[in-house]
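Remarks on the structure that follows.
What follows is calculated from the coordinates using simple rules that are stated; it is not laboratory data. Predicted, not measured: the structure shown is a model, and the values here were computed from it. For neighbour counting, all protein chains shown are included, and Cβ atoms are generated from backbone atoms with ideal geometry for every residue, glycine included.
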Amino acid sequence: MAAPPAVIMDGVNTSFGTNHVLRNVSLNVGQGERVVICGPSGSGKSTMIRCINGLERYQCGRITVDGIALTRDAASLKRIRRDVGMVFQSFNLFPHLTVLQNCVLAPMSVKGMKRAEAEALAMEFLGRVKIPEQAGKYPSQLSGGQQQRVAIARALCMQPRIMLFDEPTSALDPEMVREVLDTMVELAGSGMTMLCVTHEMGFARQVADRVIFMDGGEIVEEGAPDSLFAAPKTERLQRFLAQILRSH
Amino acid sequence: MGGYGSQFAAGILLTLEISVCSYLIGLIFGVLGASAKLSPWKALRLLGNLYTIIVRALPELLLLLIAFYVLAGAISGLAASIGLVKSDFAFNPFLVAVIALGFIQGAYVTEILRAGVLALPKGQSDAALALGLSFPVRWGRVLGPQVMRHALPALGNVWLNATKDSSLISIVGAFADVLKVSSLAAAATKDYILFYALAALCFLLISVVSMAILNALHIRSRRGLHIA
């Protein structure tokens, strides 16, 4: 039997009060697929990926992650969050814990891993993001780029099947964007299913199987990065790409 | 000092017992109060607001008098009337005192914890949820320590007040705490200066030791902050 799609969103709607943030969003992400989501701010792209691990509630529609239906039931959330890692714009490392403690907390408390095993795993992933020597430091002692790489390692320590990235480079100084993107490119090469909200078009071209353009809470256009960027069909995407190009 | 030394020692012990017990009860009321005020349910928020508004508005002595002479009697009377306890039952005065003092401190702790929770960056809770951390781990390991970082100095003030407010109970019951011992000794010997100075010294000692402990806790709670 073929593995179920990594993520299925079917007619998902979200609103905060009178603000309709997601309108009928439907999306199928295959195992190992790498999807980049772009769009102007307020287009609902962050809300969409935050729905996938239940950080945001949706009012109607259906979401299935790795074959598990996401409901309000705590057990489904728990199972899905074990499988889905997330990296945030503002890193969100726990400031009172060292890098190593940040990495071992979830494997030990959620998966019941022994400390020695969790620490060995953490060191392996800190090695993969190329900062094993920072393991004993606190987040505030690291640069933004290093903090974001720790955040990626922390998520990987749960050995997720899907990784969500919510504008992972938007809060970084320009000279640190590269090191984080390099880490993500390497991760993409390992076959991880990735959904990434970003405006880094170079990254999209390099790793994305598919780019999704959102505006006004709906998916306006999607396709392979080269065709989408070279020949945008809608006026909204043309306008968006022109703005992105102007600012780069 | 005519044998008052051992009475003072017992007085310090009682003052500390009342302070520690009432403070711990205050922390429990504070956690409950802050949870109520931050709850998504309106009725709980209202209850939390009533608690902090009323308790912080009234003089502590008045609240103690109400607890001792109105509530304790009413509750034990009610319990006796439905046959839960014998008709001559009376609450242990120590228990009434520490619960009443704890209830008062809890109102202040409520506000402190509430402010600490509101000061948490939302991303911390997001990250903890995304990692799948359970409620006890989220609050015990991630959010709680960060709330404490904000709250500790103010909670320290509540503790220092608790040590001093413990002396109020000598007004409502036969408690031989530091203040009561010193006033009895002073009245008996007419040596007011000596015994009140001694009482002051006892409170000063308690507070100096407390501050040293609070300071150590504060430094620990700030680990990871502003080192770079």
About its Cα centre, what dipole magnitude does chain A give when the only charges are +1 on Lys and Arg Cβ and -1 on Asp and Glu Cβ, stated in debye to the nearest 20? 580
Among the trypsin sites (Lys or Arg not before Pro) in the stretch B:120-187, which ones are in a DSSP loop with at most 16 other Cβ atoms within 10 Å of the Cβ? Mind listing them? none
Amide proton proximity set for A:Glu221, modelled H, under 5 Å, gap of 5+: A:Phe213
What's the percent breakdown of Cα-Cα distances in the stretch A:105-194 across 10 Å bins, shortest bin first? 16, 49, 31, 3
Any aspartates and glutamates whose Cα falls less than 16 Å from that of A:Lys114, other than same-chain ones fewer than 8 residues away, would be A:Glu124
Let me know the charge dipole size of the stretch B:120-228 about its Cα centre in debye, to the nearest 20, where only the beta-carbon of Lys, Arg (+1) and Asp, Glu (-1) is charged. 440
Can you give me the relative contact order of chain B as a percent, contacts being Cα pairs under 8 Å and 6 or more apart? 28
Let me know the mean shielding of A:94-102 by other chains, meaning the per-residue number of their Cβ atoms within 10 Å of its Cβ. 5
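Please arrange A:Met192, A:Met214, A:Met9 by counting, for each residue, the other beta carbons lying within 10 Å of its beta carbon, fewest first.
A:Met192, A:Met9, A:Met214
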Lys and Arg at +1, Asp and Glu at -1: add these up for the other residues within a Cβ distance under 12 Å of B:Leu143 and post the number. +3
Can you tell which of A:Gly11, A:Gly217, A:Gly44 shows the greatest fluctuation in a Gaussian network model of chain A with Cα springs below 10 Å? A:Gly11
Report the relative contact order of the stretch A:134-214, percent, no decimals, based on alpha-carbon pairs under 8 angstrom and at least 6 residues apart. 33
Sort out for me the Cα centre separation of the stretch A:74-111 from the stretch A:6-35, rounded to whole Å. 23
Could you tell me which of the pairs A:Lys78/A:Lys233; A:Lys45/A:Lys233; A:Lys111/B:Lys122; A:Lys45/A:Lys78; A:Lys78/B:Lys42 are separated by over 31 angstrom between their Cα atoms in the structure shown? A:Lys78/A:Lys233
The summed charge of the A:Tyr138 Cβ neighbourhood (under 12 Å; Lys/Arg +1, Asp/Glu -1) stands at +3
What fraction of the Cα pairs in the protein assembly as shown, stated in percent, has a spacing above 39 angstrom? 42
Given H placed 1.01 Å from N in the peptide plane, which residues other than close sequence neighbours of A:Val87 have an amide H under 5 Å from its amide H? A:Leu164, A:Phe165, A:Asp166
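Per residue of A:137-144, how many C-beta atoms from partner chains lie within 10 Å of its own C-beta, taken as a mean?
Mean partner shielding for this stretch: 3.
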Around A:Gly223, under 13 Å between beta carbons, what's the net of Lys plus Arg minus Asp minus Glu among the other residues? -1
Amide H neighbours of B:Leu38 under 5 Å, at least 5 residues apart or on other chains, H built in the peptide plane: list them. none
Determine the shielding of peptide A:80-90 by partner chains: average, over its residues, the number of Cβ atoms on other chains within 10 angstrom of each Cβ. 3
May I ask you to list, by number, the DSSP H helices of chain A whose Cα span along the axis is at least 20 Å and whose average Kyte-Doolittle hydropathy reaches 0.0 or more? A:174-189
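Sorted by packing (mean other beta-carbon atoms within 10 Å per residue), highest first, where do A:172-179, A:96-103, A:129-136, B:79-86 land?
So the order, starting with the most tightly packed, is A:96-103, A:129-136, A:172-179, B:79-86.
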In whole angstrom, the spacing between the Cα centers of the stretch B:80-96 and the stretch A:121-176 equals 60
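Can you sort A:Phe91, A:Phe165 from fewest to most other Cβ atoms within 10 Å of each residue's own Cβ?
A:Phe91, A:Phe165
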Bin width 5 Å, alpha-carbon pairs only: give the P(r) of chain B as whole percents, running from 0 to the bin holding the largest distance. 1, 6, 11, 14, 15, 14, 12, 10, 7, 5, 2, 1, 0, 0
Beyond 19 Å, what share of the Cα-Cα pairs of the stretch B:155-228 is found? Please give it as a whole percent. 50
Per residue of the stretch B:6-16, what does 6.51 cos²θ - 1.76 cosθ + 1.60 with θ = phi - 60° give for ³J(HN,Hα)? Whole Hz please, x for Gly and Pro, Karplus curve as stated. 5, 5, 5, 4, 5, x, 4, 4, 5, 4, 5
Partner lysines for B:Lys190 [C-alpha distance under 23 Å; skip if fewer than 8 residues away on the same chain]: B:Lys180
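Return a whole-number percent for the relative contact order of chain A, with Cα pairs under 8 Å and 6 or more residues apart as the contact set.
Contact order relative to length: 26 percent.
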Could you give me the radius of gyration and the Dmax of the stretch A:167-237, taking only the C-alpha atoms into account and expressing both in angstrom? 12.9, 36
On the Cα set of chain A, report Rg and Dmax in Å, please. 18.0, 55
